[in-house]
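The values are calculated or read from the model by the stated rules, or taken from the named source; none is laboratory data. Owing to the predicted nature of the structure, the values given are computational and were not obtained by experimental measurement. Here the Cβ positions follow ideal geometry from the backbone for every residue, glycine too, while neighbour counts run over all protein chains shown. Areas reflect the complete protein model, heavy atoms only, side chains present, ligands, DNA and RNA absent. Shrake-Rupley method; radii C 1.70, N 1.55, O 1.52, S 1.80 Å.
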Amino acid sequence: MIRLIQTDITQLKVDAIVNAANSSLLGGGGVDGAIHRAAGPELLKECRNLNGCPTGEAKITKGYNLPSRFVIHTVGPVWHGGNDNEDVLLANCYYNSLLLAQKHNLWSIAFPNISTGVYGYPKSLAADIAINTVRHFLESSKVPNELIFAVFDLENFRIYEEKLNV
Ligand code: APR
């Protein structure tokens, strides 16, 4: 089931929240900063051993002080106008995060709006990719069975509300 919630993703008690990280996995601003602040220093310690993450791929860590059991770190593409494979890379972020959730048999997962902040991905285009990738994955996978789009800003909320017809 797909749900849309306007919330700070660090508040959600789910099996995994997804972090819109950068390729170093060593923290940053935006949702990355919020997740590291809420999780505490142990998260960064574990991330240091992951040796970074290429754009479009995903890696999993524990959630530490977060209410969620795990954090799935994925690295979205920086928007360069749309002719640099950004759409495929963004779809890969959602797909690879879901694949990790399935591999770890996680039932509930929450996504932020990957790449639509600092990385400048147009929000409506990103929402289409997120929703289509998730819907396609859930057609052939029982897990995760609760998927939350955790939108933070009102613009994204309006966009998802309309596209999800909720
Ligand atoms: N909960 C949920 N969503 C949030 C939160 C939060 N606490 N804080 C920010 N967001 C939303 C933003 O409103 C935006 O819609 O997350 C979305 C992604 O924005 P960014 O966090 O800027 O991520 P992104 O655009 O993918 O850029 C990643 O920013 O923070 C750095 O280290 C990160 O270098 C990486 C880059």
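For the stretch 105-129, which residues satisfy the criterion of being under 20 Å from Gly56 (Cβ atoms), part of a loop (DSSP other than H, G, I, E, B) and open to solvent by 30 Å² or more (accessible area, probe 1.4 Å)? Answer for the stretch 105-129, where residues must be under 20 Å from Gly56 (Cβ atoms), part of a loop (DSSP other than H, G, I, E, B) and open to solvent by 30 Å² or more (accessible area, probe 1.4 Å): Gly117, Val118, Tyr119, Gly120, Pro122.
Looking only at residues of the stretch 8-60 that are at positive phi and in contact with a helix residue (DSSP H, G or I) (Cβ under 6 Å, 6 or more places away or on another chain), we find that the one that is nearest to the ligand (Cβ to nearest atom) is Gly27. Of all residues in the stretch 6-22, those that are under 14 Å from the mean Cα position of the chain (by Cα) and open to solvent by 20 Å² or more (accessible area, probe 1.4 Å) total 6. Note on the stretch 44-102: residues that are under 17 Å from Ile131 (Cα atoms), among the aromatic types (Phe, Trp, Tyr) and open to solvent by less than 70 Å² (accessible area, probe 1.4 Å) amount to 1.
How about the stretch 70-121: which of its residues are more than 13 Å from the ligand (Cβ to nearest atom) and either at pLDDT below 95 or among the aromatic types (Phe, Trp, Tyr) (or both)? Before the answer, list the steps.
First, the residues of the stretch 70-121 that are more than 13 Å from the ligand (Cβ to nearest atom): 70, 72, 80-85, 87-88, 91-92, 95-96, 98-109.
Scanning the stretch 70-121 gives Phe70, Tyr95, Trp107.
One residue stands out in the stretch 130-161 among those that are assigned to a helix (DSSP H, G or I) and open to solvent by 50 Å² or more (accessible area, probe 1.4 Å): the one that is nearest to the ligand (Cβ to nearest atom), namely Glu155.
When Asn92, Asn65, Asn85 are checked against the criterion of being more than 21 Å from Arg3 (Cβ to Cβ) and without any contact (Cβ under 8 Å) to a residue 12 or more places away in the chain, Asn85 stands alone in meeting it. Output yes when any residue across the stretch 86-93 is within 14 Å of the chain's Cα centre (by Cα) and among the β-branched types (Val, Ile, Thr), and no when none is. Among the residues of the stretch 86-93, not one is within 14 Å of the chain's Cα centre (by Cα) and among the β-branched types (Val, Ile, Thr), which makes the answer no. Residue check: is Leu66 under 19 Å from Ala110 (Cα atoms) and in contact with a strand residue (DSSP E or B) (Cβ under 8 Å, 6 or more places away or on another chain)? So Leu66 fits the description; yes.
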